[in-house]
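Colleague: Here it is: the structure, laid out below.
The values are calculated or read from the model by the stated rules, or taken from the named source; none is laboratory data. Small disclaimer: the values here were computed from a predicted structure and weren't measured. Here the Cβ is made from the backbone with ideal geometry for all residues, glycine too, and neighbour counts use every protein chain on show.
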């Protein structure tokens, strides 16, 4: 994977997305801990279907949180240069008229 002109992250202005990577790992670990505690202590009164629904719903929430972390990183970093370049009005050149 090449970013910038130098290959790897060497030419990339924003550097590697360490915050997003750490946020993703921490979120996944927290979800796994939640599911383990849920399975061991809180799921005794629910049937299999209710346990599956809770697991899938919590996984969807975790996926949304991880997606949000990456969207924030993209908006603050690599997309900013592209967005700034496309938001500016075209410069007026009197010679072209």
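Colleague: Quick check on region 35-50. Is at least one of its residues touching a helix residue (DSSP H, G or I) at 6+ places or on another chain (Cβ under 7 Å) and touching a residue at least 24 places away in the same chain (Cβ under 8 Å)?
Modeller: So far as region 35-50 goes, no, none of its residues is touching a helix residue (DSSP H, G or I) at 6+ places or on another chain (Cβ under 7 Å) and touching a residue at least 24 places away in the same chain (Cβ under 8 Å).
Colleague: With the structure loaded, tell me whether residue 74 is at pLDDT 95 or above, touching a helix residue (DSSP H, G or I) at 6+ places or on another chain (Cβ under 9 Å) and part of a helix (DSSP H, G or I) or whether it fails that test.
Modeller: Here the answer is no, as residue 74 does not meet what is asked.
Colleague: Got a sec? Which of 21, 29, 25, 66 is touching a residue at least 40 places away in the same chain (Cβ under 8 Å) and under 20 Å from the mean Cα position of the chain (by Cα)?
Modeller: 66
Colleague: Identify all residues within region 40-58 that are surrounded by 13 or more Cβ atoms within 10 Å (Cβ to Cβ) and assigned to a helix (DSSP H, G or I); write none if there are none.
Modeller: Across region 40-58, the qualifying residues are 43, 51, 54, 55, 58.
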